[in-house]
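Worksheet: one structure, shown below.
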Amino acid sequence: MGLTHTPAANRLHIALLGRRNSGKSSLINALTGQDTAIVSDTPGTTTDPVTKAMEIHGIGPCLFIDTPGFDDEGELGQLRVERTWKAVEKTDVALLLCGDGALIERKPDLSEELAWIERLKAKQIPVILILNKCDVRTDVPEITAYLTAECGMTPIPVSALIGTGLEEIRKAVLAKLPEDFDQKSITGELVDEGDLVLLVMPQDIQAPKGRLILPQVQTIRELLDKKCLVMSCTTDKLPETLSALSRAPKLIITDSQVFKTVYDQKPVESQLTSFSVLFAGHKGDINYYVQSAAAIDCLTESSRVLIAEACTHAPLEEDIGRVKLPRMLRQRVGEGLTVDLVAGTDFPDDLSGYDLVIHCGACMFNRKYVLHRIRRAEEQHVPMTNYGVAIAHLSRILDQITY
């Protein structure tokens, strides 16, 4: 990813859903102006979700998700449908293409489309209905009337082939844009223009050589946009850095792994937080995370904890999710504690076997997807916190952390 590129996690996620051969791939190509997806008359050509990042005038950075048909058949087809549903979990706005559907008693058979509309509504995902291939299909009046009567939504007539209806889709997406999309900042109201902010960033084995990790980059950019005064140092240079400053920082942001070290050295008047804690509020539900951290005190050696990472990477020595957090938990609870780890999108539907879920900062996920995971934990009455909050609690300084 270049410095000028918006991370995928910060883009509006727009999923194209529909039956096989409903024209999803053709429409995504028309919307992006590129041959992003393979187009074929053979149903089921798209076998896995395909993404395309681009900018749309008036909307901004978007990530289009082309999905397999939700009417796919057979064992393999069912797996494809499950992958489509996984993509929906990340979706901010859904474009639902309504298939040609056979006529039953002179009414279009759109039972699957109606079922998906209800599923999307249950997930509070805005839906835009699309009638593609309107340059050749003859059932537009019937389907329009039927959908309007059944769900109160009027579909947009579109032809991806000749490019009609694309501007109407753009306007509809703008109208459906979540009110809080791209408005939740990383640092919130913690700092204002002119405030001095110190970033303490250990450049250890986990830090990519020659660059900063994404949460650090995004936080620095936001602080500069807010016109804060930004100073940075590594953990071992914290005393020297504080001595060189003419005043104490209003806010110190550090890596959660060195929370206690920084806390013991910080000026009394300086507030302390971490990148992980900031992203807990930016991407998730910080209040639920803090509330759930108390579950750590109830763990026993017979308990089971799930650690979830957003990104997949080769395990490193002293990896926080695979090594440091499990070690800290076992030092508190006992060596018999069971700790499982999942990475990427491998997050279980059934969390009932766990006493606690600890999630990473989720800089690689969009907020919609993180909130989906939190709601899943809440519905199953499983406490869920995040790396930074858990480490602050384990260090017994959570009540001194700013968020």
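Laid out as a table, the results:
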| quantity | calculated |
| --- | --- |
| Listed residues Leu17, Val50, Cys62: farthest to the positive end of the dipole of the range 8-176 (Cβ charges) | Cys62 |
| Part-to-part distance (alpha-carbon centres) for the range 217-273 and the range 282-358, which is given in Å | 27 Å |
| Anisotropy class of the range 196-277 from Cα gyration tensor, a/c 1.5 cut | oblate |
| DSSP bridge orientation in the chain - percent antiparallel, rounded to nearest 5 | 20 percent |
| For the chain, size of Cβ-based charge dipole, Lys and Arg +1, Asp and Glu -1, in debye | 780 debye |
| Length released on extending from Ser243 to Ala8, taking residue separation times 0.36 nm less the Cα-Cα span | 80.7 nm |
| Amide H contacts under 5 Å for Leu341, placed H, 5+ residues apart | Ile307 |
| 26 Å Cα-Cα reach of Lys266 towards lysines, excluding residues that sit fewer than 8 places from it in its own chain | Lys226, Lys227, Lys237, Lys250, Lys324 |
| The chain, helix-only ellipticity at 222 nm - DSSP H runs n ≥ 4, -39,500 (n - 2.57), divided by all residues, nearest 500 | -9500 deg cm²/dmol |
| Cα pair distances exceeding 25 angstrom across the range 285-400, given as percent | 15 percent |
| Zero-based 10 Å bins, Cα pair distances in the range 264-316, whole percents | 16, 35, 37, 11, 0 |
| Efficiency of FRET between Val217 and Thr345 - r from beta-carbon atoms, R0 25 angstrom, step 0.05 | 0.60 |
| Mean projection area, nm², convex hull over Cα of the chain | 22.0 nm² |
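None of the figures in this text is laboratory data; all of them are computed from the coordinates on show. None of these values were measured; they are calculated from a predicted model. Glycine also receives a Cβ, built like all others from the backbone with ideal geometry; neighbour counts cover every protein chain displayed.
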